[in-house]
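The values are calculated or read from the model by the stated rules, or taken from the named source; none is laboratory data. Predicted model only: the values in this text are computed from it and were never measured. In this analysis, Cβ positions are derived from the backbone assuming ideal geometry, glycine residues included, and neighbour counts consider all displayed protein chains. Side chains included, ligands, DNA and RNA excluded: accessible areas come from the protein's heavy atoms. Shrake-Rupley method; radii C 1.70, N 1.55, O 1.52, S 1.80 Å.
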Amino acid sequence: MKAIDDHGSLVRAARVLGIAQPALTRALARLEDRLRGKLFERSRRGVIATDLGRAIIAEGSAILESLEKLDRHLAEARGTQIADLNIMAGAYMAETLCLTAAAGMLSAFPATRLRLLVANWTEVPAAILDRDAPIGFMDLRGFVPDPGLAVERLRSQPGIFVARTGHPLAQRGSVSLADMMAYPLAFIGRAPRGVQAPLVAAREEARAQGQPHPAFPAMVHESPTVMLKLLTQSDAVAAVSVILALEGLRQGSIIALPWQRAPWASIHPGIITLRNRALGAAEQGFLDLIRKADQQAEEEALAWCQAQGVPSGCG
């Protein structure tokens, strides 16, 4: 019932639950017969819960919460039993802070099986609301949280544009966004509006100058690590956080382009969880490791920025 109410459609709810829509329809009909009342009414906007349906959903959510809490306590009481912990994260968070925290979990919680589920950042809130994972990580720019979600902001991560060592743009004293648009741009499938707007404006400027690369972006991939590997084999450029690029920058396989950095290029990560849901020991332990990794990432990024002569922190 909760899936039907959340998605407003039997078809979408069945898809999320991984069952056939006719089977879900039959299950709903059996439940309505047993309760002797309609749980949903059809409308132009989809299916809407009736008063009885809303009451059942409210009670059911409390029951699910109690069962989840009981499962956690039982797993902790058994001690040797393996417990599962799902973490949902956008790729930029998954490949930086979450990987660092995951490494710490291996020794701190050896009886916990950690699943790091990576998706576009826009998909994270729905996954938490649907209880696919108890903890999510995403870029919070422009995010309007659901009332059922609790949000904790982490430190912002400065962003830079990078390319392979020896890239034609690296020879210039300064580079504009329009200059970069003459080369292939590697980017994620969907970015916050605050990031899209400057790139689109730069694309128009490059077009006016008669030098835009034909495809925009030239490569779409959700993993920034994959994009960084692409750069070493092409003339593509990519926007990433300093902390993501540090290894390649230190090795000399990529360089930061001499671009006047701007705040919109930074990443603003945050943690989202279900409001009023108690966290288990492993879940709280993962968050503690994330906060430690967050502080470490800030220190490393700041040190690099200062070494580059940008003591304010890369914009």
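Can you give the % of DSSP beta bridges in the chain that are antiparallel, to the nearest 5?
On the way: 22 of 38 bridges.
Approximately 60 percent, going by the DSSP bridge assignments.
Can you tell me how much longer the chain between Leu129 and Ser43 gets when fully stretched, taken as 0.36 nm per residue apart minus their C-alpha distance, in nm with one decimal?
Details: separation 86, 0.36 × 86 = 30.96 nm, distance 2.36 nm.
Going from the current span to full extension adds 28.6 nm.
If r is the Cβ-Cβ distance from Gln251 to Met219 and R0 is 35 Å, what FRET efficiency results, to the nearest 0.05? Could the numbers behind the result be given before it?
Numbers: r = 22 Å, r/R0 = 0.62.
The calculated FRET efficiency here is 0.95.
Could you calculate the FRET efficiency of Arg291 with Leu106 from 1/(1 + (r/R0)^6), where r is the beta carbon distance between them and R0 is 25 Å, rounded to 0.05? Please list the in-between numbers first.
Working: r = 18 Å, r/R0 = 0.72.
Approximately 0.90, to the nearest 0.05.
Could you order Arg30, Arg113 by accessible surface area, starting with the largest, using a probe radius of 1.4 Å?
Values: Arg30 150, Arg113 110 Å².
Result of the area sort, largest leading: Arg30, Arg113.
What distance in nm lies between label points placed 7 Å from Cα along the C-beta direction at Gln260 and Ala58?
Placing both labels 7 Å beyond Cα along the Cβ direction yields 5.6 nm.
What number comes out for the charge environment of Trp121, summing +1 per Lys or Arg and -1 per Asp or Glu over other residues with Cβ under 11 Å away?
On the way: positive: Arg141, Arg190; negative: Glu123, Asp139, Glu222.
Net charge around Trp121: -1.
Binning every alpha carbon pair distance of segment 1-54 at 5 Å from zero, what are the percents per bin?
All Cα pairs, binned at 5 Å, distribute as 4, 23, 31, 28, 13, 1 percent.
When only Cα pairs under 8 Å and 6 or more residues apart are kept, what is the percent relative contact order across the chain? Don't jump to the answer; show the numbers that get you there.
Numbers: 480 pairs, mean separation 68.6, N = 315.
For the chain, the relative contact order is 22 percent.
Compute the angle between helix 51-78 and the longest alpha-carbon principal axis of the chain, please, reported from 0 to 90 degrees and rounded to the nearest 10.
70 degrees
Among the lysines in the chain, how many pairs, 8 or more places apart or on different chains, have alpha carbons under 28 Å apart? Show your work: numbers first, answer last.
On the way: Lys2/Lys38; Lys2/Lys69; Lys69/Lys292; Lys229/Lys292.
Going through the chain pair by pair, I get 4.
For the chain, what does the accessible surface come to per residue with a 1.4 Å probe? Please give it in Å². Please list the in-between numbers first.
On the way: 16290 Å² over 315 residues.
Using a 1.4 Å probe on heavy atoms only, each residue of the chain averages 52 Å².
At 0.36 nm per residue, and after removing the present C-alpha to C-alpha distance, how many nm does the segment from Glu32 to Arg275 gain when stretched out fully?
Numbers: separation 243, 0.36 × 243 = 87.48 nm, distance 2.96 nm.
So the chain would gain 84.5 nm between Glu32 and Arg275.
What translational diffusion coefficient, in µm²/s and rounded to a whole number, does the Stokes-Einstein relation yield for the chain at 25 °C and a viscosity of 0.890 mPa s, taking the hydrodynamic radius as the Kirkwood radius over Cα pairs? Numbers along the way, then the final one.
On the way: Rh = 22.1 Å.
D, rounded to a whole number, is 111 µm²/s.
Where in segment 170-210 is the amide nitrogen less than 17 Å from a point lying 7 Å along the Cα-to-Cβ axis of Ala307?
none
Keeping all protein chains in the complex and leaving out DNA, RNA and ligands, what accessible area do you get for Asp288 with a 1.4 Å probe, in Å² to the nearest 10?
80 Å²
Quick check: residue separation of Ser174 and Ala150 times 0.36 nm, minus the Cα distance between them. What number comes out in nm? Don't skip to the answer; put the middle values down first.
Details: separation 24, 0.36 × 24 = 8.64 nm, distance 4.19 nm.
Extra length from Ser174 to Ala150 when fully extended: 4.5 nm.
State the three equivalent ellipsoid semi-axes of segment 99-209, derived from the C-alpha gyration tensor as the square roots of 5 times its eigenvalues, in descending order and whole Å. Spell out each step's value before the answer.
Values: eigenvalues 257, 80, 26 Å².
Working through the eigenvalues yields semi-axes of 36, 20, 11 Å.
Give me the percent relative contact order of segment 157-315, please, defined on Cα pairs under 8 angstrom at least 6 residues apart. Display every interim value, and only then the final one.
Values: 211 pairs, mean separation 59.4, N = 159.
Reported as a whole number, the value is 37 percent.
Between Leu99 and Ala20, what is the label-point separation in nm under the 7 Å Cα-to-beta-carbon projection?
Between Ala20 and Leu99, the label points sit 4.3 nm apart.
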